[in-house]
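Working notes for the structure below.
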Amino acid sequence: NCKIDYKVKKINCEICNSSKNTKIIDIISWSQKKYGYMPIVACNFCGFVFQLYRFSKTFYETFYSKYYREKIFKNQNPSTKFILDQKSRGKKLYNFLKNQKLLKKRGNMLDVGCSVGLFLKPFIDRGWKCFGNDPDKAYVEHGVKNFNLPIKFEQAENMKLKKKSLDLIIIMGSLEHCYDPNSVIKKCSVAAKKNCILVLEARGNPQSQSKNYFNHNHHRYYSE
């Protein structure tokens, strides 16, 4: 039900810039029980799997800020189950990094695509200076209003980060959503201190092999 006629274009591989690719599938999931045309291809040179077509950046800004949750989950507000899951995963992440002896006692942390922002809570409680961003306006507002979290409504490509300022960067299931992942990673690299840790969680095989997983919201599919 978009009222604007957004443009779309073919893109090259985001890894190696090759224009040569092989189509994997034509039909993807648009939302619950709705399917449509959006070719998924694998780069002939490096094997990277991605959506062949890309809408304008303006389209994705509008989609994630206004329509994403409503179209996929039929609700603009996070459920109790979602909140509990974020809290649980945040604790598990902190404990994992601590047990691996990767964490300092405290430092500066960024969560790219933070959603409600509750991944930050275990770190904040232990003295870390944290902040996050997300293009989903309703979820960010929920995190600020209900949990007083230091997060803001922002596209990751628009981040303004201080050079060599971060000790820990987490991108949990968000890089596959970004309009320009190379720009996002470059910004994070510039902001990282010498021994900064990047925790990257991304969708890939074997989940990407199912029809429902190839969907409009995930623009690319990662492998090791």
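The values are calculated or read from the model by the stated rules, or taken from the named source; none is laboratory data. Not measured: the values here are computed from a predicted model. Using ideal geometry, Cβ is built from the backbone for each residue, glycine included, and neighbour counts are taken over all protein chains shown. SASA here: full protein model, heavy atoms, side chains in, ligands and nucleic acids out. Shrake-Rupley method; radii C 1.70, N 1.55, O 1.52, S 1.80 Å.
Across segment 187-223, the number of residues qualifying as under 15 Å from residue 156 (Cα atoms) and modelled with pLDDT of 95 or more comes to 5.
The number of residues in segment 151-175 that are open to solvent by 20 Å² or more (accessible area, probe 1.4 Å), in a strand (DSSP E or B) and in contact (Cβ under 8 Å) with a residue 24 or more places away in the chain comes to 2.
Determine, yes or no, whether residue 132 is open to solvent by less than 20 Å² (accessible area, probe 1.4 Å) and free of Cβ contacts under 8 Å to residues at least 60 places away in the same chain.
Values: open to solvent by less than 20 Å² (accessible area, probe 1.4 Å): yes; free of Cβ contacts under 8 Å to residues at least 60 places away in the same chain: yes.
For residue 132, the condition - open to solvent by less than 20 Å² (accessible area, probe 1.4 Å) and free of Cβ contacts under 8 Å to residues at least 60 places away in the same chain - is met.
The one condition from (1) within 19 Å of residue 123 (Cα to Cα); (2) modelled with pLDDT of 95 or more that residue 184 does not meet is (1).
Just to be sure, is residue 63 in contact (Cβ under 8 Å) with a residue 12 or more places away in the chain, of a type in the set (A, V, I, L, M, F, W, C) and surrounded by 14 or more Cβ atoms within 10 Å (Cβ to Cβ)? Judged against the criteria, residue 63 is not a match. In the set (1) closer than 25 Å to residue 155 by Cα; (2) more than 19 Å from the chain's Cα centre (by Cα), the condition left unmet by residue 105 is number (1).
I'm checking my understanding of the structure. Among residues of segment 69-81 that are at pLDDT 75 or above and open to solvent by less than 70 Å² (accessible area, probe 1.4 Å), which one is nearest to the chain's Cα centre (by Cα)? Working first, answer last.
To start, the set of residues in segment 69-81 that are at pLDDT 75 or above comprises 77-81.
From the residues that got through so far, the ones that are open to solvent by less than 70 Å² (accessible area, probe 1.4 Å) too are 78-79.
Working: 78: 17, 79: 19 Å.
If we take residues in segment 69-81 being at pLDDT 75 or above and open to solvent by less than 70 Å² (accessible area, probe 1.4 Å), then 78 is nearest to the chain's Cα centre (by Cα).
In segment 109-121, the count of residues that are open to solvent by 30 Å² or more (accessible area, probe 1.4 Å) and in a strand (DSSP E or B) is zero.
Quick check on residue 178: is it over 11 Å from the mean Cα position of the chain (by Cα) and either under 27 Å from residue 78 (Cα atoms) or open to solvent by less than 40 Å² (accessible area, probe 1.4 Å) (or both)? It is false that residue 178 is over 11 Å from the mean Cα position of the chain (by Cα) and either under 27 Å from residue 78 (Cα atoms) or open to solvent by less than 40 Å² (accessible area, probe 1.4 Å) (or both).
Looking across segment 135-150, the residues that are in contact with a helix residue (DSSP H, G or I) (Cβ under 8 Å, 6 or more places away or on another chain) and open to solvent by 20 Å² or more (accessible area, probe 1.4 Å) come down to 135, 137, 138, 147, 150. Residue-level check: of (1) open to solvent by less than 20 Å² (accessible area, probe 1.4 Å); (2) more than 16 Å from the chain's Cα centre (by Cα), residue 84 misses just (1).
Does residue 48 fit the bill of being touching a residue at least 24 places away in the same chain (Cβ under 8 Å), open to solvent by less than 30 Å² (accessible area, probe 1.4 Å), under 29 Å from residue 198 (Cβ atoms) and not small (Gly, Ala, Ser)? So residue 48 fits the description; yes.
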